[in-house]
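Here is the structure we will look at.
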Amino acid sequence: MRKPLTIAFVVLWILAGVGFAQERQIPYVDIASAQKTIEALKAENQKLTDDNAKLSKEIADLEAQNNQAQQQINKIDPLLASVISKGKELFNVNSTIVDEAMKQKAGEAIKKNNELKTRLEQKRKELQDLIAVNQKKIDSNRTTIFINESKISKNNDNIVLLEASIAKTKNQQEVLEKYIANVNDFLTKTEQDIGK
């Protein structure tokens, strides 16, 4: 007498399985764990977004600093060229001077010219070094931003999948509850019919 009950239960279970099999690409999940994971991913995304904002601000500041340094170099270059030119002229003039007093004055002018040339060259090198260091940091920040954006994108994909999995799991639970309720009703009714 139990055989019809068993067959009915198996049929109902198979029908449920057929419905669920159509959505196998989205996995079933433990809803509480999935929700915690979503919260963690959203928190990580917020942190990565904040980090990227700071890195972008730093890039903007460094680029502004580099622009200012380059402008200074652009001012130094013609001055340096002029100092070098004057130095050559002084050297040529000095080689023709016979009077010792004039030769001494020319020598002092050459010394001052060389000192100014050295200062300008040193300042130019400092600015070039600053630009190089800043550019290295800019490139590093851009790489980090790219990596962070990739993580955010991946996290968003995982969030979408988890949300779909939660919805699917809830739907499965509702369907199973209905099947179980139907089976229980069927079993109860059948037991009652048998008892008559």
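The values are calculated or read from the model by the stated rules, or taken from the named source; none is laboratory data. Treat the numbers as computed from the prediction; the structure is a model and nothing was measured. Methodologically, a virtual Cβ is constructed for each residue, glycine included, from the backbone with ideal geometry; neighbour enumeration extends over all protein chains shown.
A few notes on this one:
Quick grid of which residues meet (1) free of Cβ contacts under 8 Å to residues at least 40 places away in the same chain; (2) hydrophobic (A, V, I, L, M, F, W, C); (3) touching a Cys at 6+ places or on another chain (Cβ under 6 Å); (4) in a helix (DSSP H, G or I):
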position	(1), (2), (3), (4)
Asp139	yes, no, no, yes
Ile145	no, yes, no, yes
Ser153	yes, no, no, yes
Asp157	yes, no, no, yes
Asn182	no, no, no, yes
Asp193	yes, no, no, yes
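- Criterion (surrounded by 13 or more Cβ atoms within 10 Å (Cβ to Cβ), under 17 Å from Lys47 (Cα atoms) and either without any contact (Cβ under 8 Å) to a residue 24 or more places away in the chain or among the charged types (D, E, K, R) (or both)) met by exactly one of Glu149, Glu163: Glu149
- Scope the range 16-53; condition surrounded by fewer than 11 Cβ atoms within 10 Å (Cβ to Cβ) and at pLDDT below 50; matching residues: Val18, Ala21, Gln22, Arg24
- So Glu121, is it surrounded by fewer than 13 Cβ atoms within 10 Å (Cβ to Cβ) and either assigned to a helix (DSSP H, G or I) or at pLDDT 95 or above (or both): no
- Here the condition is being surrounded by fewer than 12 Cβ atoms within 10 Å (Cβ to Cβ) and under 34 Å from the mean Cα position of the chain (by Cα); of Lys189, Lys136, it holds for Lys136 alone.
- Pairs where the first residue, in the range 101-112, is in a helix (DSSP H, G or I) and the second is polar (S, T, N, Q), C-beta under 7 Å, 6+ apart: Lys103/Asn94; Ala106/Asn94; Gly107/Asn94; Ile110/Asn94
- Check on Ile131, in contact with a helix residue (DSSP H, G or I) (Cβ under 6 Å, 6 or more places away or on another chain) and surrounded by 12 or more Cβ atoms within 10 Å (Cβ to Cβ): yes
- Filtered residue count, the range 84-135, keeping only those that are aliphatic (A, V, I, L, M) and within 30 Å of Ala69 (Cα to Cα): 10
- Inside the range 159-196, residues that are of a type in the set (S, T, N, Q) and over 24 Å from Gln35 (Cβ atoms) make up a count of 5.
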